[in-house]
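Since the structure comes first, as structure tokens, the remarks are kept for the end.
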Amino acid sequence: MLNLLFISKSFHISARRFAHANAIRPYVLGIETSCDDTGAAIVSSDGNVLGDYIYSQQNSHLKFGGIIPTVAMDFHRNCIENVVNQTFRRANVSLSEIDAIAVTNRPGLSLSLLVGVRYAKYLSKRYNKPIIPIHHMEAHALMARMTNKIPLPFLCVLLSGGHSLVTFVKNPSEFYLLGETLDDAPGEAFDKIARRLKLRNLPQYAYVSGGQAIELAATSSRDPSKYEFPLPLSMQRDCQFSFAGLKNTGARHILKEEKLLDLAPDAVLPDYEDFCASFLNATSKHILQRTRRAIVFCEKMFLKSNKLRSIVVSGGVARNDVLFNTISGMAKQYDIETFRPQKQHCTDNGIMIAWNGVELLLTNEQILHYDDIEVFSRAPFKINLIQNVKEESIPNKA
Ligand code: KG4
Ligand code: ZN
């Protein structure tokens, strides 16, 4: 059970300038350990990043072929103190100057989440600071507001290595789920296809994520429609996603070509660039179709006579320029502006957690201080409108 200690309904945060010329209090420390990145950051209420630090386990997990939760937990445990200390060093502030500690407590790998939450609780008790529990996907969704003026409400397409969903964001604590993936997340599909293609055997892709490798390879394609992929869920009039079919079709194409060309076990398809471009285009088209329907649904359901003004594309996959440009090109036809966080802030980091803490601290009428928080491996958005979207039966547009 959450143990909430209500402090004061009329608690006001003093927006006073402090040590940093452009940074306005409150200052929030953010801690992120939901998967394989240990991140921390200190962010001020006006979106200044005073300091941040991230330790990525990605390359360490490669030899296991994926993330093993107990191994990830050990990495987090071994480096959390250093990551937080480095963050304070870079920010040149002390813990006594922090106004709250935001920490990811849902969703994610339970063992990983526990490390961040336990450390946040330790700091909270020792320095008498409130803790703000943060939903990892909500933090991704709000991140772009730190550097762009994006008015509420907005539509958000969240595409990462573990999640795929589309949500209407009314305010920092009110998210309406319009669609989610029925199987894989897009980043997961990119990572698996990149691995199946053996892109890491080529030095230019050896140290980047699967999604980045596919995007980079696609830029050199001469025939970006060479490989055919079926459009997933094309007959379903909803905003659900599915990436397993694309991934399986991709794996079949690769196997067929490998056999046809009698490739050596560690060889990469000679036309891998065309393959990557075809795969990326098919993925973008699927996401575009679901996003277009979400726009129509939002304008009808929430905004009545008003128009939707902004779309945010967020999560690690939002780094992808092809995907982002596809969505923003379509949105322009509806007179909607499309945003994403700065590229380095699309993937997991402590800054998005600290910024979400700022948003909650500034907008909550009641500031709740938690002295005990739980972790949740699953945490679906509370308001689920997937069925309502289906019932609207909004037709596809070619
Ligand atoms: O948001 P994130 O750091 O982790 C989760 O919360 O899951 O996203 C990581 C994912 C990886 O699957 C990675 O392949 C993908 O983001 N990614 C990309 C690109 N950069 C990272 N996918 C497509 N294009 C990119 N440029
Ligand atoms: Zn993430």
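Taking the Cα centre of the chain as the origin, how large is its charge dipole in debye, to the nearest 20, when only Lys and Arg (+1) and Asp and Glu (-1) carry charge on their Cβ atoms? Please report the intermediate quantities before stating the final value.
Working: 45 positive and 39 negative charges, 128 e Å.
Dipole magnitude for the chain comes out near 620 debye.
Percent of accessible area on the chain owned by carbon and sulfur, 1.4 Å probe?
Values: 9050 of 17970 Å².
C and S fraction of accessible area: 50 percent.
Mind checking Rg over Rh on segment 284-378, alpha carbons, Kirkwood formula for Rh?
On the way: Rg = 16.7 Å, Rh = 15.8 Å.
With Rg and the Kirkwood Rh in hand, the quotient comes to 1.05.
Could you order peptides 338-349, 233-244 by the average number of other Cβ atoms within 10 Å of their residues, highest first? Working shown, then result.
Numbers: 338-349: 21.4, 233-244: 18.3.
With the highest mean Cβ count within 10 Å placed first, the list reads 338-349, 233-244.
Rounded to two decimals, what is the ratio between the C-alpha radius of gyration of segment 162-305 and 2.2 N^0.38 Å? All intermediate terms of the calculation are to be shown ahead of the outcome.
Working: Rg = 17.4 Å, N = 144, 2.2 N^0.38 = 14.5 Å.
Rounded to two decimals, the normalised Rg is 1.20.
Can you work out the accessible area per residue across segment 154-340, with the rest of the protein chains kept in place, probe 1.4 Å, in square angstrom?
Values: 8020 Å² over 187 residues.
Spelled out: the 1.4 Å probe surface of segment 154-340, per residue, equals 43 Å².
Please report the net charge: other residues with Cβ closer than 15 Å to the Cβ of K192, K and R +1, D and E -1.
Working: positive: R195, R196, K198, R200, K247, R252; negative: D183, D184, E188, D191.
It works out to a net charge of +2.
Show me the ranking of peptides 168-174, 186-192 by mean Cβ neighbours inside 10 Å, starting with the highest. Write down the numbers at each step before the final one.
On the way: 168-174: 17.1, 186-192: 24.6.
The peptides rank, most packed first, as 186-192, 168-174.
Over the chain, what relative contact order in percent results from Cα pairs under 8 Å that are six or more residues apart?
26
Can you give the accessible area per residue of segment 22-121, in Å², using a 1.4 Å probe? Please list the in-between numbers first.
On the way: 3730 Å² over 100 residues.
Result: 37 Å² per residue.
Return one quarter of the surface area of the convex hull spanned by the alpha-carbon atoms of the chain, equal to its mean projected area, in nm².
Details: hull surface 81.5 nm².
Here the figure is 20.4 nm², rounded to one decimal.
Per DSSP H run of n ≥ 4, the term is -39500 (n - 2.57); total these for the chain, divide by its residue number, and report the mean residue ellipticity at 222 nm rounded to 500 deg cm²/dmol. Display every interim value, and only then the final one.
Numbers: 11 runs with 156 residues, N = 398.
Value at 222 nm, helices only: -12500 deg cm²/dmol.
In terms of Cα to Cα distance under 29 Å, which lysines are near enough to K247, apart from those fewer than 8 places away along the same chain?
Leaving aside lysines fewer than 8 places away in the same chain, those within reach of K247 are K63, K192, K198, K226, K256, K259, K285, K343, K390, K397.
The values are calculated or read from the model by the stated rules, or taken from the named source; none is laboratory data. Keep in mind it's a predicted model, so treat the numbers as computed, not measured. Using ideal geometry, Cβ is built from the backbone for each residue, glycine included, and neighbour counts are taken over all protein chains shown. For the accessible areas, the whole protein counts, side chains as well, though only heavy atoms, and no ligand, DNA or RNA atoms are used. Shrake-Rupley method; radii C 1.70, N 1.55, O 1.52, S 1.80 Å.
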